1. What is the dipole size for the stretch 127-215, taken about its Cα centre, with +1 at each Lys and Arg Cβ and -1 at each Asp and Glu Cβ, in debye to the nearest 20?
2. Once the Cβ-Cβ distance between THR206 and GLN36 is put in as r, and R0 is 30 Å, what FRET efficiency do you end up with, to the nearest 0.05?
3. When averaged across all projection directions, what area in nm² does the alpha-carbon convex hull of the stretch 59-157 cover?
4. I'd like the FRET efficiency for ILE153 and SER213, computed as 1/(1 + (r/R0)^6) with the beta carbon distance as r and R0 of 35 Å, rounded to 0.05.
5. What's the ranking of 131-141, 73-83, 38-48 by average number of surrounding C-beta atoms within 10 Å, highest first?
6. Starting from the Cα of GLN105, step 7 Å along the direction of its Cβ; do the same at ALA69; then give the gap between the two resulting points in nm.
7. How much net charge surrounds GLN160 when only the other residues with a Cβ under 12 Å from the Cβ of GLN160 are counted, with Lys and Arg +1 and Asp and Glu -1?
8. Give me, ordered by chain and number, the residues 5 or more places off TYR269 or on other chains with an amide H under 5 Å from its own placed amide H.
Amino acid sequence: MKNKTFEMNIVTNLIFTLVFTLGMVSCGVKKANYLQSKVTGTSYNKLSEEMLIKLKEGKSVKDIQDKLAKTKQDELIKKLVNDNQRMAFWINIYNAYIIAILKEQPDKFKDRSDFFTAKQIRIAEHDFSFDDIENGIIRKSQFKFGLGYISKIFPPKIEQELRVSERDYRIHFALNCGAKSCPPVRIYKAETLDKQLQEATRSYLTEVVKYQSSENKVMVSPLMSWFRGDFGGKTGVLKILKDFKLIPQDKKPPINYADYSWELDINNYAE
């Protein structure tokens, strides 16, 4: 029995190592190629946008939640056919449900582990958690604790049918988790998604990143550590910072990570 257990542990470790290695080999800055013309938002995109508008105005969104809950899975899959539509819809849904749930039950945020794993978002007659939406659909079936290097081996079928086809590191500056250090909430549209994600990234990084030229050090958001594989590791992070002109092109400073405030803030809307 001990020998069998030992052998199983070896096999498990080998599989994990193989998956991790493959993830490392494919590592690079993850930025999706969105459709730039003839993109239209669907009725579901409009619903997700309307939900955020109503929340910002302090209005009830129960009617929209009921519509989304009763939507047929096949209908949602049929309507959200490209990454522009899927990404915009799910980012809005994630942010809207964060606000809607925590506005009514702020104490849920005290146990953040349970809050993000609880199946409390009903869409298309299926119950999702915030983790399901972020790591499964928006990040294309990434293992939550894989740092962006490990994909799920057997993701659920519904996740495969609803998820985006490409990862995009910029979503980490669009998703609002309800905490003070989270990026502010914007209303994302399928038609202008790439431009909006670029602006959200530029705005957040410009505010958070601090470069000390005298010591050649840079301080960045811990988001770039927690999801480092999405950013292409440290090499990718430096490239991104140079692309946004936040550090000199000819420098390679050590990367430090700022503190992250988990203080609840559900009124953090972008101007």
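1. Numbers: 14 positive and 13 negative charges, 21 e Å.
With Lys and Arg at +1 and Asp and Glu at -1, about 100 debye.
2. Numbers: r = 24 Å, r/R0 = 0.81.
Efficiency, rounded to the nearest 0.05: 0.80.
3. Working: hull surface 27.8 nm².
Taking a quarter of the hull surface, the average projection is 7.0 nm².
4. On the way: r = 45 Å, r/R0 = 1.28.
For R0 = 35 Å, the calculated efficiency reads 0.20.
5. Numbers: 131-141: 22.5, 73-83: 14.9, 38-48: 17.2.
The densest-packed peptide leads the list: 131-141, 38-48, 73-83.
6. Label at GLN105, label at ALA69, 1.2 nm between them.
7. Values: positive: LYS140, LYS152, LYS157, ARG163; negative: GLU159, GLU161.
Computed value for this residue: +2.
8. Correct list: VAL185.
No value in this document is a laboratory result; all are computed from the given coordinates. Since the model is a prediction, treat every value here as computed from it, not as a measurement. Because the Cβ atoms are built from the backbone with ideal geometry, glycine has one as well, and the counts that use them run over all protein chains shown.
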